[in-house]
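Scroll down for the structure; my scribbles are underneath it.
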Ligand code: MSP
């Protein structure tokens with residue numbers, strides 16, 4: 001594996017605020033990263049997949065106060081909910097970072113010192129609007145009037161007037177360098193529409209950014225000035241380099257191996273922080289910016305905006321309980337072109353679960369494996385010569401991987417699933433056309449060939465659905481007696497991993513149950 005171990009891939013989720021319980025939005029962002037991480041691992045990459053919690057700042061401090069607990073105890077408790085979510089959703093993260101950890105405070109101090117030493121940070125005073133919910137500063141021009149004559153941020157968050165001494169980052173000096181960077185790296189921000197939004201925001205002019213606060217103290221202290229704590233976004237963004245060992249950047253360490261990150265996955269609401277502030281901070285500190293920031297859309301619930309006040313927050317633990325883990329994973333990535341907003345509707349979920357999973361994919365496997373169990377003595381049948389129809393189906397299955405690689409590299413999950421389903425539908429069409437049940441008496445040798453072709457096609461499908469649906473794919477692979485060692489994508493290539501005629505197969509069982517409204 002020495003050739004492949006050189007390929008590395010570093011993918012990150014945003015770190016989640018611990019003011020709240022995990023909801024569908026958190027599950028969605030991490031799920032998308034999990035699929036990329038699993039895909040890349042199966043494809044021979046050395047992957048680092050990071051998630052974690054954002055534990056400092058005014059918003060978290062306020063939530064702790066409201067809960068009547070000290071911030072540290074509060075964050076310890078809520079952070080655990082996010083770890084539990086990762087286990088519950090089958091997320092394969094390699095690390096879980098908390099911004100209250102010492103390794104992180106060390107990295108924050110170091111990046112601050114580098115910025116300060118480079119003359120990128122100066123002391124001044126801030127007078128302006130701040131939204132605690134977004135932990136963001138807004139200019140007067142960005143605000144609108146709320147119902148009570150109060151000011152509202154573009155995100156809908158309440159803002160308050162803040163006046164305090166503050167350190168500033170010279171963001172205004174980075175406008176041209178950022179524009180040049182976007183220009184030189186056309187795929188740095190995806191989707192393209194978001195990239196255009198960011199570029200026009202930057203072209204509109206950048207103001208220096210307040211990067212410290214003095215009116216509360218739940219944060220990382222500013223080096224050499226105890227009156228200030230670091231602005232929570234500078235602290236939070238730094239997590240991505242903390243986790244690869246920064247300030248240790250020596251050859252042989254994780255920073256040298258994984259940085260710059262291949263992909264920061266974020267929701268559209270936090271793109272500006274990742275695509276403007278973060279590369280500016282990094283370049284100003286003499287560090288390399290990440291390779292890609294992808295901004296995904298937001299979910300609504302049965303057409304309605306999700307909000308605590310409406311009481312329609314979707315709990316990912318409940319979803320998994322109701323529909324099944326892989327069903328939820330499939331739905332979220334299949335339902336909308338990744339990058340667009342999507343609606344979580346029970347009807348749509350059930351349609352996909354019963355139509356695409358139970359009927360198309362589940363039935364294909366179940367029909368074929370039952371015929372093999374009944375008519376081939378429960379062993380992989382021995383094929384004869386392949387006809388052009390056989391070749392066509394095998395070819396379609398074998399040609400999938402290069403297509404999926406391209407699509408996963410631009411985070412087009414729903415198109416990747418559609419490409420897989422094209423082969424599933426072709427396989428179902430082949431079953432109907434070849435009618436192996438008729439061949440049993442008429443031409444048993446041909447039946448054996450047809451069932452072999454189908455079993456081999458299912459092996460390909462099950463290998464390639466692993467990143468999306470790890471549990472059910474593993475069950476399918478078990479039913480084909482494929483050991484763990486033959487589950488990587490290299491088993492797809494040379495034909496060496498192909499099913500060996502005569503291999504005994506376990507008794508087939510359906511893996512995609514239908515959702516039954518009456519029982520539910
Ligand atoms: N702590 C910051 C991120 C710091 S990263 C250096 C933060 N945290 S968050 O918990 O508020 O949000 C995390 C993610 O959840 C964001 O990517 C956001 O877009 C996503 N979502 C929140 N609600 C959502 C939906 N209704 N739908 C989809 N994603 C949504 O921001």
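The values are calculated or read from the model by the stated rules, or taken from the named source; none is laboratory data. No experiment lies behind these values; they were computed from the predicted model shown. Positions of Cβ are generated from backbone atoms using ideal geometry, with glycine treated the same way; all protein chains shown enter the neighbour counts.
Per-structure values
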{"item": "Residue within the range 3-19 that is without any contact (Cβ under 8 Å) to a residue 24 or more places away in the chain, in a loop (DSSP other than H, G, I, E, B) and farther than 25 Å from residue 271 by Cα present", "result": "yes"}
{"item": "Selected residue [within 23 Å of residue 338 (Cβ to Cβ), modelled with pLDDT of 95 or more and exposed (fewer than 12 other Cβ atoms within 10 Å of the Cβ)] from 191, 186", "result": "186"}
{"item": "In the range 93-108, the residues that are surrounded by fewer than 16 Cβ atoms within 10 Å (Cβ to Cβ) and closer than 19 Å to residue 26 by Cα", "result": "94, 95"}
{"item": "The range 250-273 - residue that is within 13 Å of the ligand (Cβ to nearest atom) and farther than 22 Å from residue 200 by Cβ and, of those, farthest from the chain's Cα centre (by Cα)", "result": "261"}
{"item": "Within the range 71-92, considering residues that are farther than 19 Å from residue 318 by Cα and in contact with a helix residue (DSSP H, G or I) (Cβ under 7 Å, 6 or more places away or on another chain), the one surrounded by the most Cβ atoms within 10 Å (Cβ to Cβ)", "result": "75"}
{"item": "Test result for residue 11, under 17 Å from residue 294 (Cβ atoms), within 16 Å of the ligand (Cβ to nearest atom) and at pLDDT 95 or above", "result": "yes"}
{"item": "Residue match in the range 458-470 (condition: over 28 Å from residue 11 (Cβ atoms) and surrounded by fewer than 21 Cβ atoms within 10 Å (Cβ to Cβ))", "result": "no"}
{"item": "Among (1) surrounded by fewer than 16 Cβ atoms within 10 Å (Cβ to Cβ); (2) under 29 Å from residue 183 (Cβ atoms) - the single one residue 308 does not satisfy", "result": "(2)"}
{"item": "The range 209-226, residues that are away from the ligand (no atom under 16 Å from the Cβ), part of a loop (DSSP other than H, G, I, E, B) and in contact (Cβ under 8 Å) with a residue 12 or more places away in the chain", "result": "214, 215, 216, 217, 223"}
{"item": "Subset of the range 31-53 (residues that are touching a helix residue (DSSP H, G or I) at 6+ places or on another chain (Cβ under 7 Å) and either under 12 Å from residue 218 (Cβ atoms) or assigned to a helix (DSSP H, G or I) (or both))", "result": "31, 32, 35, 36, 38, 39"}
{"item": "Checklist (1) farther than 25 Å from residue 322 by Cβ; (2) outside any helix (DSSP H, G or I); (3) over 24 Å from the mean Cα position of the chain (by Cα) applied to residue 513, failing item", "result": "(1)"}
{"item": "Within the range 309-335, considering residues that are part of a loop (DSSP other than H, G, I, E, B) and within 11 Å of the ligand (Cβ to nearest atom), the one nearest to residue 30 (Cα to Cα)", "result": "314"}
{"item": "Selection count, the range 361-383, where residues are surrounded by fewer than 16 Cβ atoms within 10 Å (Cβ to Cβ) and in contact (Cβ under 8 Å) with a residue 24 or more places away in the chain", "result": "4"}
{"item": "Residue 280 being more than 17 Å from the chain's Cα centre (by Cα), surrounded by 20 or more Cβ atoms within 10 Å (Cβ to Cβ) and either more than 13 Å from the ligand (Cβ to nearest atom) or assigned to a strand (DSSP E or B) (or both)", "result": "yes"}
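Residue-by-condition table, conditions (1) within 25 Å of the chain's Cα centre (by Cα); (2) closer than 17 Å to residue 171 by Cβ; (3) within 16 Å of the ligand (Cβ to nearest atom); (4) part of a loop (DSSP other than H, G, I, E, B):
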position	(1), (2), (3), (4)
228	no, no, no, no
245	yes, no, no, yes
248	no, no, no, yes
275	yes, yes, yes, no
